[in-house]
Amino acid sequence: MDAIRVRGGRRLEGIIPISGAKNAALPILCATLLSDGESLLRNVPALRDIDTTSALLRFLGRKVDASPPLVRVFAGSDVRPEAPYELVKQMRASIMVLGPLLARFGRAKVSLPGGCQIGSRPVDQHLKGLEALGATISVQRGYIVAECKRLRGNEVVFDIPTVTGTENLMMAAALAKGRTTLVNCAREPEVEELGRVLNKMGAIVDGAGTDVIHIEGRDELAPFDHAIVADRIEAGTYMVAVAAAGGDVLLENAPLEYLEAVVAKLRQAGVEIGREGSSVRVRRGEKPLRAIDITTAPHPGFPTDMQAQMMVLMCVAQGTARIAETIFENRFMHVPELRRMGAMIDVDGHTAHVHGGVPLTGAKVMATDLRASASLVIAGLVTAENEETDVLRVYHLDRGYEHMETKLANVGADTTRIKGEAG
Ligand code: EPU
């Protein structure tokens with residue numbers, strides 16, 4: 001397993017290009033199951049989760065030619081509507097083949113995702129929604145087994161907004177007979193992006209990105225050609241990296257419009273952020289940062305996927321910051337690792353109190369979640385010049401950040417990949 005070695009004390013200067021969004025690309029890859037013919041996805045990031053999804057689509061019988069940023073998916077002669085445990089356990093987002101398989105082929109068998117490092121993460125809302133569209137669902141030997149004749153449009157009211165749940169239902173409804181109304185939907189930009197693709201395929205999707213989505217289903221859908229929107233969480237992560245290490249960096253093709261909550265908090269902390277065309281400039285001078293409080297919330301609130309990175313920033317700010325995690329029950333795994341680097345953080349249930357202004361020191365650290373891994377790389381950047389941090393188990397980082405060590409090194413960070421480091 002690879003590690004990333006970070007030596008601290010460098011300011012960041014230059015340009016970081018932002019890649020396509022992982023969490024937009026994954027549902028859109030699953031949407032290719034809704035049609036025959038050849039679909040083309042552009043601006044796809046080169047990530048392990050994309051490889052896993054490509055492997056899953058191949059298992060299901062699709063031909064996938066994946067050379068990111070271009071991915072071509074075309075229908076093979078046979079389909080096997082079954083997502084095996086071996087693939088689903090690598091990536092929970094595999095659950096998003098359930099809706100398309102069921103709508104298209106009338107049956108699907110998908111391994112029930114287990115809990116994961118950040119929480120138990122049930123899929124009851126996905127199943128409840130598909131049942132409302134007419135599916136019969138049972139759980140047999142760890143697999144969700146779903147069947148239907150033709151799905152029929154209906155009203156589905158989610159108990160809580162769920163991102164992949166909303167996406168699964170949108171895809172299923174796109175091939176259902178009649179009109180579906182989804183209420184209390186996730187409003188994340190990736191949901192909006194899937195809506196654009198389903199519209200290109202011939203469904204009529206209205207309201208994606210708001211809490212009520214209407215979908216007019218079609219008997220057949222067409223393949224599509226689509227360039228994936230830029231990754232707001234990758235952009236936010238590099239904003240925090242620059243803010244923490246200090247410097248002046250242009251984030252090329254960063255979707256500022258989807259980062260309002262993050263940008264507001266960074267500005268409050270004393271970071272300068274400004275739009276320059278389709279890019280975003282992030283600057284932090286010599287003035288110390290201020291501690292700020294954060295509570296994660298569904299979009300447009302502060303994203304849980306930025307919580308770990310922000311916590312590192314608060315380690316170097318002046319004062320005590322209160323960070324509350326409300327989306328996932330166990331998303332503080334980075335805290336013990338940050339403490340090993342000298343951070344002073346108290347955790348009380350879902351709230352962390354971060355006492356800033358304490359210098360971080362290098363250490364060997366590891367994380368079992370991708371955003372936590374990114375936070376540890378940022379922590380390595382803010383240590384002193386002679387300090388060395390090895391972030392182990394980098395395969396988590398590789399699930400969601402395209403060549404992070406190279407992108408950071410290109411703006412002056414001392415970050416290298418060490419091949420085969422035991423972790
Ligand atoms: N939930 C339920 N029942 C369900 C579905 C969700 O109780 O049927 C709960 C979850 O346990 C959680 C909350 O609802 O407490 C919200 O979870 P959601 O379903 O929205 O999360 P997700 O769709 O599984 C996506 C992203 C995550 C991101 C969350 C929250 C993808 C592929 N994944 O997950 O991304 O953290 O939304 O914004 O889109 C990441 O990229 O690092 C990542 C974890």
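Please treat every number below as a calculation from the coordinates, not as lab data. Note that the structure is predicted; figures quoted are calculated from it, not measured. Every residue, glycine as well, gets a Cβ built from its backbone with ideal geometry; the counts of neighbours run over all protein chains shown.
Here are the numbers:
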item	result
Net charge of Cβ neighbours under 13 Å - reference L370; Lys, Arg +1; Asp, Glu -1	0
Stretch gain in nm, segment D248-K177, where the contour uses 0.36 nm per residue and the Cα spacing is subtracted	20.3 nm
Phi-based couplings in Hz for the range 156-169 (Karplus 6.51, -1.76, 1.60; Gly and Pro marked x)	10, 10, 6, 5, 9, x, 10, 5, 5, x, 4, 5, 4, 5
The range 217-301: relative contact order in percent, alpha carbon pairs under 8 Å with at least 6 residues between	29
Among P303, P69, P113, residue whose mean-square fluctuation peaks in a GNM of the chain (springs only between Cα atoms under 10 Å)	P69
Alpha carbon centroid spacing (whole Å) that separates the range 1-34 from the range 261-299	20
Helix-only mean residue ellipticity at 222 nm for the chain, each DSSP H run of n ≥ 4 adding -39500 (n - 2.57), per residue, nearest 500	-9000 deg cm²/dmol
Neighbour-count order for V44, V183, V163, fewest beta carbons within 10 angstrom listed first	V183, V163, V44
Residues whose placed amide H lies under 5 Å from that of R218, excluding near-sequence neighbours	L175, A176
GNM flexibility winner over the chain from S138, S19, S77 (Cα, springs under 10 Å)	S77
Nearby lysines by direct alpha-carbon distance to K407 (threshold 26 angstrom, same-chain neighbours under 8 apart not counted)	K22, K265, K287, K364, K419
Summed residue charge, Cβ within 9 Å of E405's Cβ, Lys/Arg positive, Asp/Glu negative	+3
The range 137-170: trypsin sites (Lys or Arg not before Pro) in DSSP coil with no more than 12 other Cβ atoms inside 10 Å	R141, K149
Hz values of 3J(HN,Hα) by residue in the range 402-407 - Karplus curve (6.51, -1.76, 1.60), Gly and Pro given as x	7, 6, 4, 5, 6, 4
Amide H contacts of I418 (H built 1.01 Å from N, under 5 Å, at least 5 apart or other chain)	A3, I4, R5
Under the Karplus curve 6.51 cos²θ - 1.76 cosθ + 1.60, θ = phi - 60°, whole-Hz ³J(HN,Hα) for the range 54-63, x wherever Gly or Pro sits	4, 4, 5, 4, 5, 4, 6, x, 8, 9
Net charge dipole size for the chain [Lys, Arg +1 and Asp, Glu -1 on Cβ; Debye, nearest 20]	460
Linear extension gain, D159 paired with D348, 0.36 nm per residue minus alpha-carbon span	65.4 nm
Residues whose placed amide H lies under 5 Å from that of T295, excluding near-sequence neighbours	A324
Charge-dipole axis of the chain as Lys and Arg at +1 and Asp and Glu at -1 on Cβ define it, positive-most pick from Q125, L338, N410	Q125
Summed side-chain charge close to R48 - residues other than R48 whose Cβ falls under 11 Å, Lys, Arg +1, Asp, Glu -1	-2
Three-way shape label, the range 1-114, alpha-carbon gyration tensor, a/c 1.5	prolate
Under 30 Å from the Cα of K177 - lysines, other chains or at least 8 residues apart	K63, K109, K128, K149, K200
